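Readers should treat all values here as calculations from the given coordinates under stated rules, not as data from a laboratory. Predicted model, so just to flag it, every value in this text is computed and none were measured. Cβ atoms come from the backbone with ideal geometry, glycine included; neighbour counts cover every protein chain shown.
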Amino acid sequence: MKVHLPVRKAILNRRTYEAPAEGRSDKLRLDFNENTSGCSPAVRRALAKLTAKQLAMYPEYQEPTRRIARHFGVAPEELLLTNGGDDALRVFFDTFVQPSSHILICEPTFPMYRYYAEIYGARISVVRYGSDMDFPLADVIAALHKRPRVLFIANPNNPTGTLLQKDELRRILKAATYTAVVIDEAYAEFSGFSVVKWIDSYPQLFVARTLSKVAGLAALRLGAVIACKKSLALVRRAMPPFPVNLAALVAAEAALKDTAAMNRYVFEVQRLRQWLAMELEKFDVKTYPSAGNFLLAYFGPTGPHLFHKLDKQGILLRERSKDIGPGFVRITIGTQSEMRRLLNTIRKEWRAPA
Ligand SMILES: Cc1ncc(COP(=O)(O)O)c(C=O)c1O
């Protein structure tokens, strides 16, 4: 039967996004900034207690929202739970973006901002990080004069690791009187800095958070949008009634109670991030200061050959040839023994050009 499906033009114009995330479980996964130590054991205990009756009910959000909001230091009306961090970004398109309205992003960055913009048929204005992965503050402020509907900034930025400071963020917010400013704080815990406390001063400020990284819950999908009550109420209008599943809620609450486990992980990441940078320097590999649970490194022209060899030995890194340049790679900070395995394999397989 011949039919004509009325597909939107924006969809016809794009390809399917296939995350290279299959068959990784037995490998050394330093490619997606996962918490390679795994979640707190308290999460598995809490999940095991779920009953058949609970699983048959539509989830209730009031109590979990109250407790998760308390963790972030905000009121329940200032926090909206989402199906992971990715979904915490999608809601801004549903709320603010119409086909052919324009959004502003700073590349290289997390690809989902561009991904959603393409699906929604938005125009994308791009400013670029500098050659030292420094934030293009002047360009962003100039671009805000054109009143993009949404500005997305990952802070710390993935993959560069760049962290914007208070003054820079204040200047951006002051210039953004016609723009929703989304500060994506997926890695905030590793930087020790957050703008969550600013929501009452800036109605245009929206903070996106996730428990995928710090709490090791990437498989369960729990994210949040935080904003002042009035601004968040607008975003709520675009939400479906049951965006988050019960297992994610139960896991999130158990993980957040085990603050010791999260603090231990953050401390280890901060320690090993510095150590890995020093070790890579001994191979003449350039790294960029990172405030996340990853490190951006430049191995030079022979880098891609090395990454291929590592991949063959089951060591997965995230190559950034396409968006930054050949020889660039993002490395997730794993455990001490994982970092040692990586360095030993690099030592064996790679020689820096003389
Ligand atoms: C900057 C940034 N934001 C958001 C996310 C989404 O996280 P998730 O959907 O796993 O919660 C990621 C994941 O890598 C990220 O790097």
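For the chain, the longest stretch holding no GluC sites (Glu not before Pro) located in a DSSP loop with at most 16 other Cβ atoms within 10 Å is which?
61-354
Calculated from DSSP H runs of 4 or more alone, at -39500 (n - 2.57) each and per residue, what is the 222 nm mean residue ellipticity of the chain, nearest 500?
-11500 deg cm²/dmol
If I model a spin label at M278 and F242 as a point 7 Å from the Cα along the Cα→Cβ vector, what separation in nanometres do I get?
In this crude label model, M278 to F242 measures out at 5.2 nm.
Roughly how big is the range 225-354's charge dipole about its Cα centre, with Cβ charges of +1 (Lys, Arg) and -1 (Asp, Glu), in debye to the nearest 20?
220
Calculate the dipole size of the range 26-177 relative to its Cα centre from +1 charges on Lys and Arg beta carbons and -1 charges on Asp and Glu beta carbons; express the result in debye to the nearest 20.
340
Name the chymotrypsin sites (Phe, Trp or Tyr not before Pro) in the range 178-252 that are in a loop by DSSP and that have at most 13 other C-beta atoms within 10 Å, would you?
Qualifying residues, ordered by number: Y178.
Please give, to one decimal in nm, the separation of the simple spin-label points placed at L12 and D323, each 7 Å out from Cα toward the Cβ.
Label at L12, label at D323, 2.8 nm between them.
In the range 324-354, which trypsin sites (Lys or Arg not before Pro) are in a loop and have at most 12 other Cβ atoms within 10 Å, using DSSP for the loop call?
Here the sparse-neighbourhood loop sites are R351.
Using R₀ = 51 Å, calculate the FRET efficiency as 1/(1 + (r/R₀)^6) where r is the Cβ-Cβ separation of A21 and T177; round to 0.05.
My answer for the efficiency is 0.85.
List the lysines whose Cα sits under 20 Å from the Cα of K348, skipping any in the same chain fewer than 8 residues away.
List returned: K27, K282, K286, K309, K312.
Of all trypsin sites (Lys or Arg not before Pro) in the range 1-100, which ones are in loop regions per DSSP and have a Cβ with at most 16 other Cβ atoms within 10 Å?
Listed in order of number, the matching sites are K2, R8, R14, R15, R24, K27, K49.
Just to confirm my numbers, what's the Cα centroid distance between the range 44-59 and the range 134-200 in Å?
38
Which is farthest toward the positive dipole end of the chain among F294, P326, V225, measuring Cα position about the Cα centre, with Cβ charges +1 (Lys, Arg) and -1 (Asp, Glu)?
Result: V225.
Taking 2.2 N^0.38 Å as the expected size of a compact globular protein, what ratio does the Cα radius of gyration of the chain give against it, to two decimals?
Compared with the compact-globule rule of thumb, the chain sits at 1.02.
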